[in-house]
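J.: I have a structure here, written as structure tokens, and I will follow up with some questions on it.
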Amino acid sequence: MTGEATPTRVFISYSHDTPEHRQNILDLAQELRRAGLDAWLDQFIENNPPLSWPRWMQDEIEKAEFVLVVVTEAYERRFRGREKPNRGLGVRWEGAIITTDLYYATDDSVKFIPVLVDPTDVRLIPPPMALTTHHHVGHPGDRDLAALLRQLQRLPAALPEALGTGTQTTGRSDTDPDSSSPNVPPDVAAALEPRTLGNPGDTTQRLAELIGIGPKNIQAEAALALGRTLEEDERYVDAVKAYRRCLEIGPDLPSAERAAVRLQVVLATMNSHFGPDSAVASAFKWLNLVRQGAMDQVWRGIDQPTRLALVQSWIHANINHPELAGEDKESLAADLARAQPSHRLRDDFFATQLSEFRDSYQDFDPETWGAAETPRRFELDLELVILMETDGEPFFWEAGTHERGIGLILRRFINDWYIAGYGDRVLVPGWPPSAKTLPLEGIRMYTPGWPKRP
């Protein structure tokens, strides 16, 4: 006799924003249970609360095969520990557990799945989870849980057909921008065809040519499709222009409503990349501190492994200097690598390191330099920020681009970004230090190389 399969356990982590939001998430849990998933949330046991809510939360997260993280402004604020004192303590505790689990994960499986009630909240997804797929769950009556259920039930979106012998590619991909919509005019659908055949540049050109000629509905649909194409390519500035053009052409057309939604999503995504809490903003702040010579703050803005590698490089280069005589290099490196070192050689090391930073980044000018537009993220917590002279505007840097610039690798830890490398290299401590190279997919870094050692 074969036993029944155990239902997939799902835990829902959310913030108690409003009574309406609580009810919406309860309805979501019940829908998941009706679909055969063992979904749980705190409301199921509020009439018989546990002795320790934090311990209950930790147990539920550990028992769950999947954790749905319902991201809202309140959730993101509490997840990051920026809520007012004594508010949102449950989410803060869950956020700490989630961050720790993600950091120490030993496999590539996805356990924590971001879900959104409002699609524009994509900008609020905490960075550790921003690299995985998110889902829009909406409200009862307008939910489409098909994609989420497939992921929770580990079902494929489609099954591959048996391999044939032909070489010709026909048809259009369902994932192409708006190509599956019955409202797409034939001219726009034809313009999308080259993208399915591996010629995205032709699609972009053809859609641009359709804007400005012919009936307004075709122009508007072409602008909308162009925006979707550029958005998929992470060319967000141009995507914003295309969506706004769609709104200008036909504010009363059906395409305008879709363009307005996509515009909000793209603007939210851009804010997460360029906003005040972003890696880009942190890179600008750090370079400004270098210009100001504020070495104490510059040093605290570098992550600990990189600080240690820089110190080891300096010690390795000066090992025979009289000032280092009698010093144990391991103890010296550990002391100088602290965020606030107190060793007698601190000032000597800081002077040398600041001079190298200033020499490497002397061309940087916050008034005329801007950041490359596309976010380049690696592993769980690394992001490469590419800066160059752009009159302060975002710049789309792609394979084949030749521009003098600065590449800084930043590492996210909890709520802050720290310098973790330069160009395409993350420093690795050692005697002497080494470097791990990040795959940049055809982009060659022309960037000042600090440290000059080793």
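J.: Would you mind classifying the stretch 186-274 by shape? Square roots of the alpha carbon gyration tensor eigenvalues, ordered a ≥ b ≥ c; an a/c under 1.5 is rounded, otherwise it is prolate if a/b is larger than b/c and oblate if not.
T.: Working: a/c = 2.24, a/b = 1.15, b/c = 1.95.
Oblate.
J.: Can you pull a Stokes-Einstein diffusion coefficient for the stretch 279-437 at 37 °C (0.692 mPa s), Rh from Kirkwood over Cα pairs, as a whole number of µm²/s?
T.: This corresponds to a translational diffusion coefficient of 199 µm²/s.
J.: Hey, another quick one. Of Lys63/Lys436; Lys329/Lys436; Lys285/Lys329; Lys111/Lys436, which pairs sit farther than 30 Å apart, going by alpha carbon to alpha carbon?
T.: On the way: Lys63/Lys436 36 Å; Lys329/Lys436 23 Å; Lys285/Lys329 32 Å; Lys111/Lys436 27 Å.
From Lys63/Lys436; Lys329/Lys436; Lys285/Lys329; Lys111/Lys436, over 30 Å: Lys63/Lys436; Lys285/Lys329.
J.: I've got another one for you. Pop the C-beta distance of Gln205 and Asp27 into the FRET formula with R0 = 45 Å and round what comes out to the nearest 0.05.
T.: 0.45
J.: Please state the relative contact order of the stretch 279-437 as a whole percent: Cα pairs under 8 Å, 6+ residues apart?
T.: Across the stretch 279-437, relative contact order equals 27 percent.
J.: What distance in nm separates the two pseudo spin-label positions at Asp296 and Asp59, each 7 Å out from Cα along the beta-carbon direction?
T.: The answer from the label model is 4.8 nm.
J.: Peptides 137-145, 355-363: what's the order by average Cβ count within 10 Å, highest mean first?
T.: Packing order, densest peptide first, comes out as 355-363, 137-145.
J.: Multiplying the sequence separation of Glu367 and Phe413 by 0.36 nm and subtracting their Cα-Cα distance, what value in nm do you get?
T.: Numbers: separation 46, 0.36 × 46 = 16.56 nm, distance 2.82 nm.
Full-extension gain reported as 13.7 nm.
J.: Starting from the 7 Å offset along Cα-to-Cβ, what nm value, one decimal, do you get for the label separation of Ala260 and Thr18?
T.: With each label point 7 Å from Cα toward Cβ, the separation is 1.8 nm.
J.: If you don't mind, another one. Roughly speaking, what is the stretch gain from Ser52 to His316, that is 0.36 nm per residue apart minus the C-alpha to C-alpha distance, in nm to one decimal?
T.: In short, 89.9 nm is gained.
J.: Can you compute the charge dipole magnitude of the stretch 200-240 about its Cα centre, using +1 on each Lys and Arg Cβ and -1 on each Asp and Glu Cβ, nothing else charged? Give it in debye, rounded to the nearest 20.
T.: 220 debye
J.: Between Arg150 and Glu232, what is the label-point separation in nm under the 7 Å Cα-to-beta-carbon projection?
T.: Taking the two extended label points, one gets 1.5 nm.
Throughout, read-outs are computed from the coordinates displayed, never taken from laboratory work. Note that the structure is a prediction, hence the values are computed from the model and not measured. Backbone-built Cβ (ideal geometry, glycine too); neighbour counts: all protein chains shown.
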